[in-house]
Every structure is written in structure tokens, then in C-alpha cells.
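Down below is the structure, laid out as C-alpha cells.
Read the figures in this text as sums done on the coordinates, not as results from a lab. Being a predicted model, the structure only gives us computed values, none of them experimental. Neighbour counts run over all protein chains shown; Cβ positions are idealised from the backbone, glycine included.
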Amino acid sequence: MVKGLSGALAKQGVDVTILTTNSNGDVGQPPLDVPLETPIQQDGYTVIYFPCSPFRRYKFSLDLLRWLGKNAANYDIAHIHALFSPVSTAAARVARSHSLPYILRPLGTLDPADLRKKRYLKQIYAKLWEKENIAKAAAIHFTSPQEAKISHRFGAETQDMIVPLGVSLPHPFPAIGTAREHWQIPPQKPLIVFLSRIEPKKGLNLLFPALEALIEQGIDFHFALAGANPQDPDYEKQIREIIAQSPLHQRTTITGFIGGADKVGLLQDADLFVLPSYYENFGIAVAEAMAAGTAVVISDQVHIWPNVKAGDAGWVTTCDVEALTNTLKSALQDPEQWQIKGQNAQTYTQNHYSWDAIATQTCQEYQKILARKNTANVAQ
């Protein structure tokens, strides 16, 4: 997300510098092999990587924070992505100490369902640090009105900005049928794809019984499960075992993690994309499926759902096995509708989720923040 937005902002004349660490994703991965503390030019913006030290596990970097403190005066706004992350928390405090307006993007961490994870630790963390960061932020960046509506702010009054995520897909698209051929999925069989991180909140405990019910009703389809969870391999293993013991196993392809052209090819070859999550602050995988021209079936807890409705890009259901079963059945029995909705989805994405459109909205929000700062300075 950060790179896509930065490139689009740079095209609009914004001088963007990304500060990040050499952490390589999940625990156990070796650090990125990149130059450290050296500006790297990329797609019109600058990236500077810093070593994780002294707490590599938490992706913390004192060098990053020192650099920000020394150079804060050279920037107009800091756009900080993540809460409850020590380096992001500290970066907000550094920005504030140098009178640099900062925006916080919570990435769904203020959702009450997410706050229940490690509940007491987060309450202590918020009381010590994050509540003040939230209260004194120039804006909180939510990606949907629903995310802003339900997010818990620990009693702080906030200035919200609502800007969705953008979608980056390769062009040209892979040839139609490439993914089906690769995964040996019959070309004429309706293909339902789930593509996301494999974790409990994604609603697989709703999806599997719904698909099994469709099998019992004699409805033909093939199911592709794409995704992984390196942080919880036991859960991922459990999901694989459930499928192996289910009537689904004869008509299911498990791809594991896929990205790039492989991901786009699978989304493009799908007839329906399904994500019955219990909560999603936005649902970027849904937007990617829409961009690939695929109709979507999602729950009303995936907060992109009003856009799916507005664009007539698919079906929205509740987090209920029976409702999901009926929705999937209705969709599968009307190929003309899934094709029409897939075309609508692609058009809606091009108009609303291109990075150029997102950058324009973001620049407008930046200008509002700077105008408020100037007004406050004049008043003083």
C-alpha cells in the first residue's frame, strides 16, 4: 500500500520519503538485503532502510527515530502506518516533539474485535502511549466510513480522514485460463476463490459448511483456497486437515501463498471471489478481485461492502452459514449475473481504487491539515 501511494503522490508533485526497517515480514525471516541508512530512489520517491535495533523482534529502530528527529523540520507531514507498534508509537512522539503534524493509519487495530486480542496489554499500552498519540494526531486515516464508525479511540477526540486503499495489478493481465491450467482446474467448472491470510477472523468456519451444503444440494463448483499464515502454522495445518476430512477435498485446490501474476491469474480465472470475514477494516483482497473483473461474495463485516453494493459488483451477506449458503447458491445459479457484476466490479475499481485517484484524495486531506496548522499558527 505504502509504495503504491508514494509513487502516485510523487506523480502529483509531492516529495515523499519512506522510512522503514530492514525487517523482512514475519518472525524467523532473515533481514532484507538492502543498503542501510542510504537514500534509494524508486518510482519518483525516496526509501531509506534502517537496521532493527535494539529490538529486532518488534521491528524497532533507534536509528530511524534519530533520523526523523534530525530531519523533521524538512517535512510538512508524517504519515505513520500502524498502531501498537513500538517504532510507530515512538515516531509519533518524535514528530510531535518537533511540531511535525502526523497522520496515524491504524490498519484495523482500533476495531473492537481486534482490540480483544491481547486485550489487557493493549489497554496498558494505550494508556501509557497510544491514547495521547491518537488524541494529538493531525488526523486518523481510516479506509472506510464503517472502520471510522466502529473504531475505539480510548476516549480521545480525533480528526478523521477517510481515504480507501488503492489497487496495483500487473498489466497486461495473464492470459485467461492460465491459473486453471496451472492448478489443473477444469475450464468449464464454476470456480470459487478464497484468497486471504488464513486466520480465524476470515470466516472459514462459515465458508466450509456453506460449500458442503452446496455439494449436498448437487450444485457443481470447484474451490480454490489461497493464502497462508506463517505466524500461526498450526491453524493453517488445522484448516488443511478439515478440508482433507470433508466432502470438499475432492473439489478443492489449496495453493498456499501466491502473489504477483499468479495471484492475479487466479483472481481473473475465478467466477466468484468469497470472503465471509467477521471483520475487515477495508478488504484489499476484495478490491483486487474486483480489479481483476471478478464478482465478489462478502460478509457485511468486510467494510468495503457499501462500495460493492454501490458498484453492483457482487453480493453481500451476513456472517451466518445459512445466509452464506443461499447467497452462494443464488450466485452460482446465475452465470449471467456473475459476469455482469464482474464487469461492474472492474469498472468501479478503475474509477475509485486506482492509485492516482487515491493520491488525489490524499493530497486534498494533506492540504486540509496544513491549512488547519496555518490557521492555528496565525491565531497564536
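Numbers for the structure displayed
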read-out	value
Relative contact order %, region 178-352, counting alpha carbon pairs below 8 Å whose residues are six or more apart	23
Calculated SAXS-style log₁₀ I(q)/I(0) at q = 0.10, 0.13 Å⁻¹ - region 56-167, Debye, Cα scatterers	-0.28, -0.48
Calculated FRET efficiency for the pair Asn71/Glu181, C-beta based, R₀ 45 Å, to 0.05	0.30
Calculated [θ] (222 nm, deg cm²/dmol) that DSSP helices of n ≥ 4 give over the chain, each run adding -39,500 (n - 2.57)	-13000 deg cm²/dmol
Per-peptide average of other Cβ atoms within 10 Å, ordering 339-350, 366-377, 192-203, 253-264 highest first	192-203, 339-350, 253-264, 366-377
GNM flexibility winner over the chain from Asp111, Asp269, Asp232 (Cα, springs under 10 Å)	Asp232
For region 178-352, alpha-carbon Rg over 2.2 N^0.38 Å	0.93
Per-peptide average of other Cβ atoms within 10 Å, ordering 234-240, 70-76, 162-168 highest first	162-168, 234-240, 70-76
Column: log10 I(q)/I(0), Debye, Cα scatterers of region 92-153, q = 0.12, 0.21, 0.23, 0.27 Å⁻¹	-0.30, -0.87, -1.00, -1.19
Counting DSSP beta bridges with both ends in the chain, the antiparallel % (nearest 5)	10
Spin-label model distance (nm) - Ser97 vs Phe173, 7 Å beyond Cα toward Cβ	5.1
Distance between modelled label sites at Lys118 and Asp33, nm, 7 Å Cα→Cβ extension	3.1
Förster radius 25 Å - calculated FRET efficiency between Lys373 and Lys11 (Cβ-Cβ, nearest 0.05)	0.50
Cβ-derived FRET efficiency at R0 41 Å, Asp334 paired with Ile162, nearest 0.05	0.80
Proximal aspartates and glutamates to Lys117, defined as alpha-carbon separation beneath 20 angstrom and excluding residues fewer than eight positions away on the same chain	Asp26, Glu130, Glu147, Glu199, Asp232, Asp234, Glu236, Glu280
20 Å Cα-Cα reach of Lys70 towards lysines, excluding residues that sit fewer than 8 places from it in its own chain	none
Qualifying chymotrypsin sites (Phe, Trp or Tyr not before Pro) in region 274-307, DSSP loop, other Cβ atoms within 10 Å at most 16	Tyr278
Extended-chain gain in nm, criterion 0.36 nm per residue less alpha-carbon gap, Gln364 and Tyr235	42.2 nm
Links that overshoot a 27 Å alpha carbon limit, given the list Lys3/Lys59; Lys263/Lys368; Lys127/Lys202; Lys59/Lys131	Lys263/Lys368; Lys127/Lys202
